[in-house]
Amino acid sequence: MTQTTPFPTAPELMVSEWFNTGAPITLSGLRGKIVVIEAFQMLCPGCVSHGLPQAQQIHDIFPRDQVAVLGLHTVFEHHDAMRPVSLKAFIHEYRLSFPIGVDQAGHSSMPKTMEAYAMRGTPSLIVIDRLGRLRAKHFGRAGDMEVAYQIASLMEFGAAAPQEDGETKETGPKCDEDGCALR
């Protein structure tokens, strides 16, 4: 009998171009940090009015050595209007300071990362724990307090943080593939 974990490993990002960073970013490279991904489109009113400001606020408030915020420009409509040159101007105009990747185009109208995460649209907010497991996926307007609570809970009680030697150091309760247990 196959046992499924309640928290699956988050799929790797499939990004064609990055902004606001000197090098490409991978989820595996961010292990040990909580990762918050804001999937958006420039022409999405909910993204502009709530999703991106919320992501910027998370980036500004939470310690960067523990929480990484990433934007994912995932275009599934209005392709001609949302080119990388337009995105670069958009990032500058809205003063977004966290790294933003462009989701790779898929074979259909659905971009690759969006499809891998089975997102329903934009804005979508993804929360990944320190072990790279998908812990939350919000579609639409995610409440500020709810998201802050999820991040703070993972910081306080979340997964063990990997050390450089590959061993894990317990930073809270005992955690494994099935979840976290109190000591």
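A few remarks follow.
- Full extension of the chain between Arg83 and Glu17 yields a length gain of 22.7 nm, computed as 0.36 nm times the residue separation minus the alpha carbon distance.
- Maximal additional length on extending the Arg141-Ala118 stretch stands at 6.6 nm, based on 0.36 nm per residue less the C-alpha distance.
- Additional length obtainable on full extension of the chain from Ser108 to Ser153, 0.36 nm per residue less Cα span: 12.5 nm
- Thr26-Gln66 pseudo-label distance in nm [points 7 Å out on the Cα-to-Cβ vector]: 2.7 nm
Where a number appears in this text, it was derived from the coordinates with a stated rule and is not lab data. Just so we're clear, the structure is a prediction, and the values are computed from it rather than from any experiment. Methodologically, a virtual Cβ is constructed for each residue, glycine included, from the backbone with ideal geometry; neighbour enumeration extends over all protein chains shown.
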